[in-house]
Amino acid sequence: MDPLIKAQDLRKFFPFRKGLFGREMVLKAVDGVSLEVAENRVLGVVGESGSGKSTLARMVTALDRPTSGDVLFRGKSVFSMDRHELKQFRRAVQIIFQDPFASLNPRATVFDTIAEPIRIHRLAEKKDIEQKVAGLLKDVGLGMEILRRYPHEFSGGQRQRICIARALAVSPRLIVADEPLSALDVSIQAQILNILSDLKKRDRISFLFISHDLRVVEYLSDEVAVMYLGKVVERSGAEGLFEKPLHPYTVGLFASVPAIKAREMGAPFDEKMEEKVEKAAPKGDIPSPIDIPPGCPFHPRCPKRFSPCDKAIPQLMEPAGQPGRLVACHLWN
Amino acid sequence: MSAGMTAPLLEIKDLDIFFARAKGGVKVVNKLAFSIQRGSIFGLAGESGSGKSLTALSIMGILPNGARAEGSIEFKGSGILGLPSEKMRSIRGKEISMVFQEPMTSLNPVLKIGYQVREALLAHLPISKKEAQTRAVQLLRSVMIPAPEQRINDYPHQLSGGMRQRVMIAMAIACNPSLLIADEPTTALDVTIEAQILELIDTLRAERDMSVLLITHDLGAIARHARTVGVMYAGRIVELAPVGEIFSGPKHPYTIGLLESIPFKNKRGMPLKPIPGSVPPPWGLPPGCKFSDRCSFKIPPCQQAEPEFEEITPGHFSRCIRAREMKWTL
Ligand SMILES: Nc1ncnc2c1ncn2[C@@H]1O[C@H](COP(=O)(O)OP(=O)(O)OP(=O)(O)O)[C@@H](O)[C@H]1O
Ligand SMILES: Nc1ncnc2c1ncn2[C@@H]1O[C@H](COP(=O)(O)OP(=O)(O)OP(=O)(O)O)[C@@H](O)[C@H]1O
Ligand code: SF4
Ligand SMILES: [Mg+2]
Ligand SMILES: [Mg+2]
């Protein structure tokens, strides 16, 4: 069976000129990304700033056309859909963003905001709209009393709930969530996280969940893709990945997350133990996407690099003895 | 504090911060008390709006217009709250300095970074321009900026976010301060860069026997780097303890709620138990315990009087009348 959504070798290049008369160059924001999200699955995408996560999200939701490659929705290319099919696609695939304020119309009430997609897609009789909106608000833990209020009257967490309610209004099959929690305080993040995992269980919605918060990704995802400078460097089931990351970048990324774990056990302050953890975090700066290093994009920062790394680009492949996992690293190829 | 300890570098007692408003004042920081030992990192945690930045600004003596602080802030044994501004100027930047969240707004975009670091030195030290130039390069090297001799000619926009934060740290430590205040120094940065910057601050602390007030909402950063932790809620420190105890045996329902909100490995597939509701504004706080409207341990006395900040076990303080019953552990 076709997966719900499938990205095939997506590329997005932005041409630019260095200086007024400089040579024309390209910024490779996304460079050959393939992935799939099946029904009722959560694919987490992690990666640092500039790795191409948002660009990928915009192509998967057909907000942007790729430079090359394709996005298939239930086996059909979204870039060759007719108007009717595209409308169905826009209904089935919803996107929520990091900044819930910027994505709400400041002059629309909560009711209008959530009712709009219901009207556009004619999903309820006029007299039933209010009841439907109330039901959606309830799903995200909000009450009827806010129907006539405006976005500026709400906190960040409440606004993100309103955005989620709006996305749910059209009964989507896939929600692409681009850093939906990063503007929120931890206690509010946990509230939203509960809402999202309920939606997965209750409505069997799939998610493409983008975040730089590894704990959140581990909590929510079935599978995870790790991006670095426009490429997926590792893809795997979440449990295997967090249990044993294979790509040196993934290893370093995980080591960078301050471990509460040692403290979880009530360990006393121990500088030696802390040091061991620190040594594993990758050194150096993330290169600029206009100057992607040749060969493996991670090689300048990689503690494991060897002769082929600065010459040949490693392909995303299944390493011997690691079924079901994909790694783009010469160590494993 | 427990006996046998040397006098703290910084000691804050009964600190209140008010904002003048049309209808009377609003108190945004309330009876704050904590101290920072020499050479150690004090982590101040808490969600947005809890008063962390204002506390930092009051130590620096740079509260925004309309804000007023009362109480006592002692630095090296003498009071610095309400010092005349020229006296405070000789402490600020020299004895106590600060790194902010967004380095781009605190660096001057039209001046080369070498010049900016040099100026930070010349403002407080009786040295020549040439000497300042040499020291600027050394400082940039000590914050691990590669090829500092060339980098001094760069403008801020030519540097990555992580590099800019390193420059800010170089300027902050230029005069060998005994206290560095870092207010969310890594919030704008990537995970791997965040790890590097926190590690840098910790290394500088050890090398220079500097104390650090590390402000962050990231409990992970606190777990890794701080020695003592204060958890703020609604302008109060509700719990203060050695770092291990905060995670192994928290004694305030708010701290427990924060820890319950973190999706740890063992929570996969299980619902989290977040704190219900959200932080009320400073003028909408409940009577008695300020956390009582969101607290799952609440009993009727909680809303009658605000709980005292009590020492539950040596060095472990909590502002909760049920603190001794808290048995929660990660
Ligand atoms: N419209 C555009 N024109 C030119 N460059 C772009 C455009 N959109 C994105 N880029 C560049 O493409 C690269 C990838 O950007 P993208 O926003 O996808 O990264 P990201 O992984 O989402 O980062 P972040 O974590 O900061 O959100 C960046 O270097 C960005 O500057
Ligand atoms: N200039 C100001 N005028 C009025 N109120 C202010 C001002 N600055 C801060 N406040 C209020 O004081 C309280 C504490 O603010 P503060 O900036 O110290 O919080 P914080 O803990 O640093 O939060 P964050 O994590 O968002 O930085 C907040 O309720 C805030 O709204
Ligand atoms: S004093 Fe009462 S309301 Fe406040 S934290 Fe303790 S139990 Fe909760
Ligand atoms: Mg993005
Ligand atoms: Mg602040």
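The values are calculated or read from the model by the stated rules, or taken from the named source; none is laboratory data. Here the structure is a predicted model, which is why all the values come from computation and not from measurement. Note that we place each Cβ from the backbone using ideal geometry, even for glycine, and neighbour counts take in every protein chain shown. Accessible surface is based on the protein model in full, side chains and every heavy atom, while ligands, DNA and RNA are left aside. Shrake-Rupley method; radii C 1.70, N 1.55, O 1.52, S 1.80 Å.
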Of A:His299, B:His252, ordered by accessible area with the largest first and a 1.4 Å probe, the sequence is A:His299, B:His252
Over 32 Å between Cα atoms: which of B:Lys267/B:Lys290; A:Lys201/B:Lys290; A:Lys283/B:Lys265; A:Lys53/B:Lys290; B:Lys27/B:Lys94 fall into that group? A:Lys201/B:Lys290; A:Lys53/B:Lys290
Please list, in chain and number order, the residues 5+ apart from A:Asn40 or on another chain whose amide H is under 5 Å from its amide H, with Hs placed from the backbone. A:Ser206
For the pair B:Thr6 and B:Val110, what calculated FRET efficiency results from E = 1/(1 + (r/R0)^6), where r is the Cβ-Cβ distance and R0 = 51 Å, to the nearest 0.05? 0.70
When chain A is modelled as a GNM with alpha-carbon springs shorter than 10 Å, which of A:Ala167, A:Ala190, A:Ala92 fluctuates the most? A:Ala190
Under 1.5 on a/c is rounded, so check that first for the range B:24-125, then, if it is not, pick prolate when a/b is larger than b/c and oblate when it is not; a ≥ b ≥ c are the square roots of the alpha carbon gyration tensor eigenvalues. prolate
On Cα atoms only, tilt of A:156-168 relative to the major axis of chain A in degrees: 70
What FRET efficiency, computed as 1/(1 + (r/R0)^6) with R0 = 60 Å and r the Cβ-Cβ distance, is obtained for A:Glu318 and B:Cys175, rounded to the nearest 0.05? 0.60
For B:Tyr233, what residues show an amide H to amide H distance below 5 Å, using hydrogens built from the backbone and excluding near sequence neighbours? B:Val238
Over the alpha-carbon set of the range B:40-92, divide Rg by the Kirkwood Rh and report the Rg/Rh ratio to two decimals. 0.98
Looking only at B:Asn65, B:Asn30, B:Asn266, which one moves most when chain B is put into a Gaussian network model with springs between Cα atoms under 10 Å? B:Asn266
Rounded if a/c under 1.5, otherwise prolate or oblate - the range A:47-128, Cα gyration tensor axes: oblate
Along the charge dipole of chain B, which of B:Ile113, B:Ile299, B:Leu125 sits closest to the positive end, that is, farthest toward it, with unit charges on the beta carbon of Lys, Arg, Asp and Glu (+1, +1, -1, -1)? B:Ile113
Accessible surface of the range B:1-155 [probe 1.4 Å, protein heavy atoms]: carbon and sulfur percent: 52
Could you check the simple spin-label distance between A:Asn40 and B:Gln158, using points 7 Å along Cα→Cβ, in nm with one decimal? 5.8
What is the interface area between chains A and B, defined as buried accessible area summed over both chains with a 1.4 Å probe, reported in Å² to the nearest 100? 3900
Send over a whole-number figure in Å² for the accessible area per residue of the range B:151-239, probe 1.4 Å. 24
Once label points are set 7 Å from the Cα along Cα→Cβ at both B:Glu310 and B:Ile127, what is their separation, rounded to one decimal in nm? 5.2
At a temperature of 25 °C and a viscosity of 0.890 mPa s, determine how fast the range B:128-206 diffuses translationally according to Stokes-Einstein, using the Kirkwood radius over alpha-carbon pairs as Rh; express D in µm²/s, rounded to the nearest whole number. 187
Ranked by GNM mean-square fluctuation in chain B (Cα springs under 10 Å), the top entry among B:Gly25, B:Gly49, B:Gly93 is B:Gly25
Within the range B:37-74, find all residues whose amide N lies under 18 Å from a label point positioned 7 Å from the Cα of B:Asp14 along Cα-to-beta-carbon. B:68-74
Sort chain A into rounded, prolate or oblate with this rule: let a ≥ b ≥ c be the square roots of the eigenvalues of the Cα gyration tensor; rounded if a/c is under 1.5, and if a/c is not under 1.5, prolate when a/b is larger than b/c, oblate otherwise. prolate
Considering only protein heavy atoms and a 1.4 Å probe, what is the carbon-and-sulfur percentage of the accessible area of the range A:78-205? 47
What number, in percent, do you get for the relative contact order of chain B if the mean sequence gap of Cα pairs under 8 Å and at least 6 apart is divided by its residue count? 20
Can you give the net charge of the other residues whose Cβ lies under 12 Å from the Cβ of A:Ala29, counting K and R as +1 and D and E as -1? +4
Using a 10 Å Cβ count of at most 12 others and DSSP loop calls, identify the longest part of chain A lacking such trypsin sites (Lys or Arg not before Pro). A:205-310
Return the Cα extents of the protein assembly as shown along principal axes one, two and three, sorted largest first, each rounded to a whole Å. 75, 65, 50
Over 5 Å intervals from 0, what percent of Cα-Cα pairs in the range B:83-226 sits in each interval? 2, 10, 20, 23, 22, 14, 7, 2, 0
Simple spin-label estimate for A:Phe101 and A:Lys127 in nanometres, 7 Å along Cα-Cβ: 4.1
How big is Rg to Rh over chain B, alpha-carbon atoms, Rh as the Kirkwood inverse-mean-distance radius? 0.99
Given charges at beta-carbon only (K, R positive; D, E negative), |dipole| of the range A:91-139 in Debye: 180
